[in-house]
Structures are given as C-alpha cells and as structure tokens.
Amino acid sequence: MDGMLNRMKISFLLLSCMFFMSCPISAAVIDSSNNETAIYPELPQRAASSIGFVPEGWKLEKELRDDLNGDGIMDLVVLLRKLQEPDLLKKTATAEFDSFDTKPRILAAALGSPAESGFTLVMQNHTLIPLHDSPVMSDPFSKLTLKRGVMKITLESWASMGSWYSSNITFTFRYRDNCFKLIGYDRYELHRGSGREVETSINFQTGRKNVSSGLADKKHRIKSSRFQRSPLSCIEKVGEGFAFEAP
C-alpha cells in the first residue's frame, strides 16, 4: 500500500512539473533506500602509459596529451569512468527511470619524465564533475580539452522536465606551482521559454568579469566589472562544479 501511494505521489509530481514547468526535479524524487556514495580508488603514482593509471573495473573514457609544465615533454590528462554497476543504486518507483547511468568519473593528470619513459601522477580529482544522479537531467560532463598547456572542463545542465533553464559551465585551468590553478570561468545560461541568455566570463588572473544578457535574437547588454583578486585556487579547492560560487 505504501509503495502504491509513493508511486502515485511521484506520478502526480511529474505530471504537475510537465504542466507548469516550474518545480525542480532532482534525485530527491527517486525512491531510493541506498544512501551510499561512490567509491573512488587511489591511482598509482607512476605508470608507463595512460592504461597503467586505469584501475580494475574502470575504463579510459578520454586521453589528452600536451606539455603542461613547459619542459618540452608531453604530459597526460585522462578521464576515467567506472565500468561495472554503479555504487549508487537506481531503485526508483517508476521503471522508465531505471536506465540512467550514474557511474562515477575520475579526472587525472600525470607529467612525463625527462629521464625515463613513463608518467608521474600529479592530480586525481573526482569532485569537479558531479555524479549523474537524476534521470531527468543530462549527464553533467560535456567536454574536456587540453591545448597549449591549458585544460578546460565543460559541464552541462539540461532538464527534460521540471525547468525551462539550461546552462553550461567551462572551468579553465593551468598547471602552476604543482597544482592545476583555476584561471578562468565561463557560464552560459538560457531560458528555453523566453529565449533570454546570460553569458558570464571571469578572468581570475586579471580580476575582470564580463556579463552579457539579452534575448537570443536581440542585441545583448554587456556589463564589465572588476573584483578583488586573490591567490588562484587549485582544482581541489574548487569543489563540485555546479556548486562553485563565482565572484
């Protein structure tokens, strides 16, 4: 009886959101009895190639090479994803939501060795790219690029129901002083109903912020400002991408 009432509540909520498009839907809608968090293995400190950093039960989702520290030697950035069943179980009250992929990711970087072949791990991060924890939301990971020593990670937020808003955020990092420093932040937000766009671009090195806003087919209003600069944050201090508070 309780299960039937729960399914009726969820169905009513989903139908209400489809009609009004005003209430946010997240993993809180899912009926789950498992509150575990994903388990992330420690990567080896050294490996002969990118494959050597892939733990058992994980796969190499993306591999990029470039000179990160300016020593003329190719370095390595990899994105790993779990292969097996996710640690977060997807027990939902509606069977059509049971197929979304919650498997976690690890972002890692390793420097090439000048004296011998192989790579040395300098960064392992699993917080910047959030878990895909809602069946009505897009996969948060969108893109990873590495060019001229600059690493960019783009996250995407798009709801199939429950919100008119969609957005993407790009974090720009450069390897300095033994960590990946956040030097840039770009956010694009669109209201799919009105067509209103807001684009925010922040340069943490210069302390400048530009915000462009307006309708998609109209001239945008641009506002520039300055903010007090502080020491650049390492990727470990950025935290989860969607929760990051930009100045």
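The values are calculated or read from the model by the stated rules, or taken from the named source; none is laboratory data. Nothing here was measured: the structure is a model prediction, and the numbers come from that model. All Cβ positions, glycine included, derive from the backbone under ideal geometry; neighbour counts span all protein chains shown.
Is it the case that some residue within the range 94-103 is modelled with pLDDT of 95 or more and either exposed (fewer than 15 other Cβ atoms within 10 Å of the Cβ) or hydrophobic (A, V, I, L, M, F, W, C) (or both)?
Of the residues in the range 94-103, the ones modelled with pLDDT of 95 or more are none.
No, the range 94-103 contains no residue that is modelled with pLDDT of 95 or more and either exposed (fewer than 15 other Cβ atoms within 10 Å of the Cβ) or hydrophobic (A, V, I, L, M, F, W, C) (or both).
Under the condition of being aliphatic (A, V, I, L, M) and surrounded by 19 or more Cβ atoms within 10 Å (Cβ to Cβ), which residue from the range 149-173 is farthest from residue 226 (Cα to Cα)?
159
In the range 120-134, the condition of being at pLDDT below 95, in a strand (DSSP E or B) and in contact with a strand residue (DSSP E or B) (Cβ under 6 Å, 6 or more places away or on another chain) is met by no residue.
Of everything in the range 108-120 that is touching a residue at least 24 places away in the same chain (Cβ under 8 Å) and surrounded by fewer than 18 Cβ atoms within 10 Å (Cβ to Cβ), the residue that is farthest from residue 53 (Cα to Cα) is 114.
Residue 68 meets the conditions (1) assigned to a loop (DSSP other than H, G, I, E, B); (2) at pLDDT below 70 in every case but one. The failed one is (2). Within the range 197-247, being hydroxyl-bearing (Ser, Thr, Tyr), part of a loop (DSSP other than H, G, I, E, B) and surrounded by 14 or more Cβ atoms within 10 Å (Cβ to Cβ) holds for one residue alone: 233. Selection of the range 135-148 for residues being surrounded by 18 or more Cβ atoms within 10 Å (Cβ to Cβ) and either on the phi > 0 side of the Ramachandran plot or part of a loop (DSSP other than H, G, I, E, B) (or both) yields 135, 136, 140.
Looking only at residues of the range 174-193 that are of a type in the set (Lys, Arg) and closer than 19 Å to residue 215 by Cα, we find that the one that is surrounded by the most Cβ atoms within 10 Å (Cβ to Cβ) is 187. Has the range 46-55 got at least one residue that is modelled with pLDDT of 95 or more, assigned to a loop (DSSP other than H, G, I, E, B), out of contact with any His (no Cβ under 8 Å at 6 or more places or on another chain) and among the polar types (S, T, N, Q)? For the range 46-55, residues modelled with pLDDT of 95 or more, assigned to a loop (DSSP other than H, G, I, E, B), out of contact with any His (no Cβ under 8 Å at 6 or more places or on another chain) and among the polar types (S, T, N, Q): present.
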